[in-house]
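Right, one structure below, let's go through it.
The values are calculated or read from the model by the stated rules, or taken from the named source; none is laboratory data. The model shown is predicted, which means the values in this text are computed figures rather than measured ones. Don't worry about glycine lacking a Cβ; one is built from the backbone with ideal geometry, like all the others, and counts go over all protein chains shown.
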Amino acid sequence: MRNLRAIIVAIACAAGLTGTASAQVNIPLNDLKIRAEAGDRTATRQLAEAYYLGKGVEQDFKLASQWYEKLAKQGDVRAQTSLGLMFARGYGVEKNIDLALKWWKLAAIQNDPGAQFNLGTLYFEGKNIERNYSEAARWYLQAAMRGHLPAQFNLGMMYWDGKGVEKDPRRAYYWLSVAAEQGDDEAPGQLKRIAADMSPEDVKEADSKAKEWMKTAKKMWR
């Protein structure tokens, strides 16, 4: 597949680690630990992120994974996604794709787009798991519907190549248009290629639908 963004180990932001690991630890470490051990989710997240990033403490993936796991077991979606990524990478834990799948699926069914994207990527690549393009497309679609830009791009390319879905230039153009509307740098070039296989009317309709979808989606994302 051409230019598919499908490398799990390079998508921390999509999986939730960069996105969630941005809080600054403004509370003394001992106080954070006390609060976290008492079940304070905010403190637990700050502690996990501090150890993951090495912010205010020595970087320690093992401790980060332990605090993420504590939070994940409480049902925290972002922690489940982050923990899944750590198992996929082998950060602080023994690499275990089955456990990565477990945590990502728990987060994905709660509509976390990062987890949905990661599942799509895992099934698309077929590394340490049986490749399944249909499953990849299914999870990419769910993430794309929730505004996940790389999922929108990948889904568009899958429709263009006919992998896991029936080849459909119009749907490919639509999703790549949505990605372009969100500022994707590569999507415009792909759109020019796809437009060559479409009528001007179909191109115009796909552009219009993409813009309309973005207007509606942005209201939901607020």
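Just checking, does the stretch 77-93 include any residue being touching an Asp or Glu at 6+ places or on another chain (Cβ under 9 Å), basic (Lys, Arg) and not assigned by TED's automatic domain parsing to the domain that holds residue 152? Yes, the stretch 77-93 contains a residue that is touching an Asp or Glu at 6+ places or on another chain (Cβ under 9 Å), basic (Lys, Arg) and not assigned by TED's automatic domain parsing to the domain that holds residue 152.
Every residue, every condition in (1) without any contact (Cβ under 8 Å) to a residue 40 or more places away in the chain; (2) of a type in the set (D, E, K, R); (3) on the phi > 0 side of the Ramachandran plot, yes or no:
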position: 171; (1), (2), (3): yes, yes, no
position: 181; (1), (2), (3): yes, yes, no
position: 204; (1), (2), (3): yes, yes, no
position: 208; (1), (2), (3): yes, no, no
position: 217; (1), (2), (3): no, no, no
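Whether any residue in the stretch 85-92 is assigned to a helix (DSSP H, G or I), out of contact with any Pro (no Cβ under 9 Å at 6 or more places or on another chain) and surrounded by fewer than 21 Cβ atoms within 10 Å (Cβ to Cβ) is what I want to check. Break it down into steps so the answer makes sense when it comes.
Of all residues in the stretch 85-92, those assigned to a helix (DSSP H, G or I) come to 85-89.
Okay, now just the ones that are also out of contact with any Pro (no Cβ under 9 Å at 6 or more places or on another chain), so 85-89.
Checking the rest, the ones that are also surrounded by fewer than 21 Cβ atoms within 10 Å (Cβ to Cβ) come to 89.
Yes.
Among residues of the stretch 86-98 that are within 14 Å of residue 68 (Cβ to Cβ), those with a beta-carbon under 6 Å from a residue that is of a type in the set (D, E, K, R) and surrounded by fewer than 17 Cβ atoms within 10 Å (Cβ to Cβ) at least six positions away or on a different chain give the pairs 92/62. The number of residues in the stretch 72-84 being more than 18 Å from residue 101 (Cβ to Cβ) and surrounded by 24 or more Cβ atoms within 10 Å (Cβ to Cβ) comes to 0.
Restricted to the stretch 102-149, and to residues there that are of a type in the set (Asp, Glu) and part of a loop (DSSP other than H, G, I, E, B), the residue that is surrounded by the most Cβ atoms within 10 Å (Cβ to Cβ) is 112.
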